[in-house]
Structure formats: C-alpha cells, structure tokens
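See structure below.
The numbers here are math on the coordinates, done by the rules we state, and not lab data. What you are looking at is a predicted structure, and each value in this text was computed from that prediction instead of being measured. Here Cβ is always computed from backbone atoms with ideal geometry, including for glycine, and neighbour counts include all displayed protein chains.
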C-alpha cells in the first residue's frame, strides 16, 4: 500500500519537476523563472525525502530555496532584468538547443537502458541517517570527509571575498569615460576630437 | 715539467691580450660615445701598457732559458673551453715560446706606435672614437692569435683579425671603393680560411684517433701536457709531437696520390696564404690600402699579414714532416716575392707600391720557411728575423707615407716631389727605412735578408737563391723610385709646394721606428729564436760571421737597383723613365695592370660563377624556396580566415560545440567498448 | 509492458536516472538558449540539482550501506552556493560596465 502511494508520489513529483524545469528555461519573465526554479528545487527536496535522505531534504530547502534562489532574485533585481521582457532566442539558437539537449538525452537514455546497475555494497540505509552523515563529515579516518569539508569552508570564504571584490571593482566613473568619447571626457579623446573638428 | 720560479709576467701572460680587450670594451661601450678624444688616449695608453708587459715577459722568458739551453714552450695559464666528450676537450689559454714572445713584442710595439701616430693622423676625423675601438679590437685579436696554444683558438682569433681588418679597411664607409675593398678582402680571406678550417678538421680528426693508439707512457705524458688525461687534438704540442707525426706519416696516401698529411697541411697553408696574401690570393692586399694609412701600417704591413707566416712557423714541424707541403710553401713564396716586386715597379700610388713591397717581403719570409729543413733550420730563424725587422721598417715606411699623404692630400707619387727640404724629419726617417728594405749595411733589412739568402743557398735551393737575389735588386729599385720621385726634384702640385712637416705626435713614432730599423738588425736573432732550442741556433747564427760570399752580391744588386732608380727618376731626367716604359710597350702595360689578375678574377666570378652557378641558385631561391614559403603563408592565412568565422564570440555557441563534442566523444568510447 | 505496468512499478534506479537526465537536458537547453545571464545561472542550478539527485540515487541503489553519496550531494549544494555568489558578483559588475546582461551582445572575442 505504502509502496503504491510512494510510487504514485514519485511520478507526480517527477511530472511537476519536469514541467517546472521547462517553465524555468522557457519563460520570458526572469523573475518568474526564479519562482519556477524554486518549485523545481522544492520538488527535489521531495525526491530526497522519497530516497530516504531527510537531512539532505532539509538542507536543500534551507540552502537552495532559502539562500540560492534569494541570491538569484537579488541578481535579477540588481541587473534590472525585472522590468524587461527577455527577447525570444533566435530560431537557429533554439534549434541548436533542441538538437543538443535531445541528443544528450537520447544518448543518456540509451546508455542507461544498456547498463545494469548492480548493488555494490549490500545493506540498508541507516534509518535516521543524519547522525551517520554528521559522523562521516567529521571523520578524519580513511573513510571520512573531514578534509574536503574544511576545504569546502575555505572555498565558500573565497567565493564570498571574491564576490565582494568583483562586484565593487568596476565603478561607473571609469567606464563612463570610455563610453562617451568625443565629449571631452579625457584629454586624449578631447584632443582627438578638436583635431577632427578643426579639419 | 713544471717551473716553480716563474716571474710575475710569465704567470700573468694573459694580461697582454686582456689589456687591449678590456680597453676595447671600455673605449667602445663607454668612452667613445662621450669623448672621442679620451677614447684615443685610453686606447693608446692601454696598448702601451700591453707593450711594457710584453717587454717584461720577453726579459723574464729569455732569463729563464738563457742562450744555449733548450727553450721550452710554457702554457702558464689555460682553461677548458670546449668539451666534446669525456676525454676530448679543447683548452684555451696562452702559450709562451720564443716565437710567440717575439711576435708579442713586435705586435705590441708597432701597435702602440701606430696608436700614438693615429692620434695626430686621425685628428678631427668623424669616426675618431670608432677608429680607436677597432684598432684595440685588432690588437687584442692579433695577440690572441699569437698566444694561441691550439690551432682552434688560433682559428677563432684568425677570423677576429679578419673581421677587424674588414672593419678598418671599410673605415671610410661613405667611399664606395673602400666598401668594395673591404668586401674583397673579407671574401678572399674567408675563402682561404675555408681551406684552413678543412685542414684543422682533418688534423683534429686523426689527432683524436691516434690518441688511443699511442703507447701508454706517451699517452700519459701527452695527457699530462693536455691536462688530466684529456685529449686536445688541436694542441700544437700534441700535433708537433714526433710520435703523432709519425702516425700521420703512417696514414699513407689518401686522395689522388697525395698523402693525407700533405693534403691537410696544404689546406692549412691555403689559409695562411690568404691571410699573408700569397700569389693566387694576393688580390685583396693592394685594395686594402683604402683604409686609413696607420691601419695599413699596422694590419696590412707589420702584423696581420704575417699571421700566415706565423702559422707556418708554428706548425713548421708538421710541414717539415710532410715535405711536399713545405715545398709548396717555398715555391709559392718565391714566386710571389718576384711577381709582386715586378708589379711594384710600375705602380704610381705610394701605398700600393708599399703594398706590393709587403707582398714581396712576405714571399721572402715564406720561402725562407720553405727552404728550412729539420737538419738545417736556419731558414726558420731567418724568416722570424725578417718578420721582426720588416715589421719595423715597413711600418715606418707606411707611417712616413701617411705623413706625406697628410701633407700633400694625394696618394699619387707624381703629385709629390721636392719634399726633402720641407719635411726633413720625415725625409730622414723614410730614407732610413728605404735603405733598410733595400738591404744596405748596417741597417736591419740587410741582416735578415742576408740570413734568408744564406739559408736558401745552404739547403741547395739555388734557383730560389738566385730569385731572392734578383728580388733584392728589384726591391731596391722600386723603393728608391718612390723615394726619388716624392722627395727629390721639384714640387709637382700645389699641395706639394705648400707641404709642411707633420705634428710632433706623428713624428715621435717615426723616429722611434727609425731607431728600431737601424738597430733591429743587430739583434742576435739566432740566439733567441731557433728550431729545437739551442742546438743549431747559436752555432749557425748569422751575426757570428756574416757570409760575405752572399752579402757581397746582395749588396751589389741593391746598389745596381738604387743606381738604376737614380738614373731614371733621381737625376732630373724624367723623360728617360718614359722612354723605357714606352719601349717596353705591352709588357709594361701588363705589369702596370697587375698582370690582369683582377680582371681575371672578375671574369671568373662575374661571367662564370655568377651566370652559371649563382643565377640558377637565385632563380631556385626566388621561385621554389620563396614560393614554398609564400605558399605556406597563403595556406595559413586562408585557413585561418575560414576558421575565424567559427569564432563568433557567442559563448552559447561555444557551449553547444562543447556539449556536442562530449556527445561525440562518448559515442566513440561506446563504439570502442562494445 | 503495458502503460499501467510502468506506472505501478516502484521506481528503480533507471527511473530515477532518466528523471535526472531529463532535468539535465532541460538545463542544457536553458544554458544554450537563454539570453539573460541570470537565466543561464538558473539553468546551471538545474544541472547541479540533477547531479546532486544522481548522487543520492546511486547512494540508495548501488551502495546503500553508507551515506557517501549524500555527503557528495551536500558538497554539490555548497559548491552551487559558492558558484551563485561569484556569478552574481560578475553579473553585477558586468551590468555596471555595459548596462546589460544579454550574453548575445557580448562578442568582443569575435573573429
């Protein structure tokens, strides 16, 4: 009984997920795309629950939905993409996208159909695997992930610093000159303009 | 063998070439751009310092080995220069033996005096600083050549003197004739050096192979000589070792029935003949007079051109072992001495006459070496002796001619005349030099020439002896011809009328060289320079008894030469010379045009080489080689234009290519695995 | 195999993987066609999400005795966060400079 419910749940979630993903890549309003993306990610959290990874589902909602999507919405706002209706991609580009994406999909499905997945390590997932996950992350033995965990924290720090540095590097003053030559912004361009006008 | 108690200069012989070298760098890089005047002074002081070092070295060396003892060749300083294999290396360094000491003294002395003279002669010239830079470079290269302990270092310095000679001949590079002359000198000597290089390669190749076959004891001794069991097949001490030489003889005949040793030595001699302007390769030297006159004095009279003689002397034992090669040296030398002397009688350019006289005297030195043998090596001493004296009086003649040209502004002797009273010091010094080259007792030329003739007679080369005697007479004739025409009689041009004496800085070298031209002959050369140490030299030295049976006739022919010159040119009846010339007719013209050798070379190069060799090669180069290069360029350009269309700048297109490529790669992998 | 049979079946590894490659293909399509750079970033999130899903699927169906796949999935989420931070910073800087984030107009490297 429960199996049937879970199976049905899988198919419903999968259908929703695929539809929402299609909406993400096709909608012309970028803010809506962000909302659809949020839906896809929520569906994924459901998948994680179905797969028995409760902690991961929580993290998915916390980090992805709560953090990354918000960040993306910020990006949308800061680049003033909200006001604009994004132009349709050109037909050629679309066709290229279809061909490549379909090619990839066919390729993958063909591969999966011909491959048999064997269970490598017998056993069942620990019922509450959050504790197991925590132990894995902090285990510095040969099976543990303490070092990658620490490296990851450095990566996040680097990304944060890098983000700040990149975002504030180019000021509008420096670029303004380049975009408006001929208005006497700099001596070099000014001199050039006068000679042109003089002749 | 080691000598512990070497003097300071013997230990530091490397200073002698090093001083001009560092002066060259200093003057050329730092002083010349700032102050040409200072450049001249620094260059001159440096060469004078080198000269003083050379004197101290000579004193120390001949005290270490006093007369009557065997004089060893010392290598007080060397370093590994090139290493080919574990046991094959070339060590550069300095070699001190009697002839290198002699040459060092001559080169530094003449060079120092020429530097001093040039301060006056080149005064106000635009390339003043450049001139002294090249002069320093030349002095360094020549000293490097002289001290070379192996034939490879000698070859390198040989090319360096060639390069500096090229630079100095073409010093007035605005003049097309000077440019042409410098190119001619460079190409002719370069062509000759090709032979030299081939000879060096043959000697080195077999020298290395013999090392393994030598008896172990000797190999060890040789190894010690050439530092730590390492073969230096180019080392002179190795090449001239009797056992190595006997191995060479054992090689037997090689190509066309000529033994390999003879072939190698004739090739080496080809290089020597190029540098010393022996007969078929003589054409560059008269044209080289386009350079400044002090350069002609230093390079094309006293030092560089004797490098060929020096090379033959240095490898004399190898030449003597071959025998045939030595005969080539003797006959080419003798022929050149006559040939050049005859042309010298007809030339009107004072420097060209001196150039032909240089050729003639170089021929003298060469045949003196050629007639020497291992048992009667007097010719070896005589050749070095003549090199020594000739350097002084020929440099003096050139510098004197330079003073005349400076005063008259012309090279033509017929623009001069009556200069004896206006330029008394120049006149006196040039007269001394002229008498010296004519071989009049008691001046330098007499003794060395006498010794050469004695050596020819002693070794039963009667033909060469007679020829030498004849050349002595002709030499006296043409030298006094230019002397009478330029100093006696009355002025033949405006400049000659208003000529005045040269400045003191030019006269001092003249006077010093005049003194040297007088006393150089009294140096008992046999006690200093002789083959195989003291065994022969002291006994056969010419000064212990001048052979009057030879000296008498040679003085006699010189007197005849001078009288004929006086009769034709000095007595004020110039129509006599013209009538002689016209009565000789075609013969005179042929001689005056230098036997049409320049024309012959031009015919060969232009008509034969250019048309049948160079033109097809040029066509091939222009159409096939260049065409190939252009084709590859065209292909690259076209294909890159086509490919650049792919570079749309659209990152999404690139992404599509990337994903498509991954799919393709995956397909290939799949195909390979199943 | 009838239509109902497929749907009654409990989802096996292949089902999950086909779902994940569907999502991945849609992400690729988005990356290749989106004009707005932020849209491309979102499509990238789709890719990362499907990869992360793959890890968990393999964990459950291939090596269910431990949680290594879930750890990897966690790492993927963290890396995605870092990527979005940097990507957003770049787009903001780009927008300040060029007043647009339309990738089709960024063709300075053309030819």
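One table, with the values for the structure above:
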quantity: Two-site FRET efficiency, residue A:139 against residue A:49, from Cβ-Cβ distance with R₀ of 22 Å, rounded to 0.05; calculated: 0.30
quantity: Cα gyration tensor, the stretch C:3-102 - rounded (a/c under 1.5), prolate or oblate; calculated: oblate
quantity: Residue A:9-residue B:640 FRET efficiency (beta carbon distance; Förster radius 51 Å; 0.05 resolution); calculated: 0.30
quantity: Overall form of the stretch A:8-84 per C-alpha gyration tensor (a/c, 1.5; a/b vs b/c); calculated: oblate
quantity: Angle in degrees between helix C:13-33 and the longest Cα principal axis of chain C, rounded to the nearest 10; calculated: 10
quantity: Relative contact order for chain B, counting Cα pairs under 8 Å that sit 6 or more residues apart, in percent; calculated: 12
quantity: Rounded if a/c under 1.5, otherwise prolate or oblate - the protein assembly as shown, Cα gyration tensor axes; calculated: prolate
quantity: Residue B:37-residue B:191 FRET efficiency (beta carbon distance; Förster radius 30 Å; 0.05 resolution); calculated: 0.15
quantity: Extension gain (nm, one decimal) between residue B:30 and residue B:421, 0.36 nm per residue minus Cα-Cα; calculated: 136.4 nm
quantity: Order of B:478, A:140, B:172 under a 10 Å beta carbon neighbour criterion, fewest first; calculated: A:140, B:172, B:478
quantity: B:243, B:575 arranged by Cβ crowding within 10 Å, fewest neighbours leading; calculated: B:575, B:243
quantity: Between the stretch B:129-193 and the stretch B:451-513, the alpha-carbon center distance in angstrom; calculated: 26
quantity: Average partner coverage of B:286-293, which counts Cβ from other chains inside 10 Å; calculated: 0
quantity: Spin-label pair residue C:86/residue B:59, simplified geometry with 7 Å Cα→Cβ offset, distance in nm; calculated: 8.0
quantity: Ascending count of other beta-carbon atoms within 10 Å, so fewest first, for C:29, B:654; calculated: B:654, C:29
quantity: Using alpha-carbon coordinates, inclination of helix B:36-64 to the longest axis of chain B, degrees; calculated: 70
quantity: Spin-label model distance (nm) - residue A:130 vs residue B:667, 7 Å beyond Cα toward Cβ; calculated: 4.9
quantity: Calculated [θ] (222 nm, deg cm²/dmol) that DSSP helices of n ≥ 4 give over chain B, each run adding -39,500 (n - 2.57); calculated: -22000 deg cm²/dmol
quantity: Residue B:412 paired with residue B:593, simple spin-label distance in nm, labels 7 Å along Cα-to-beta-carbon; calculated: 2.0
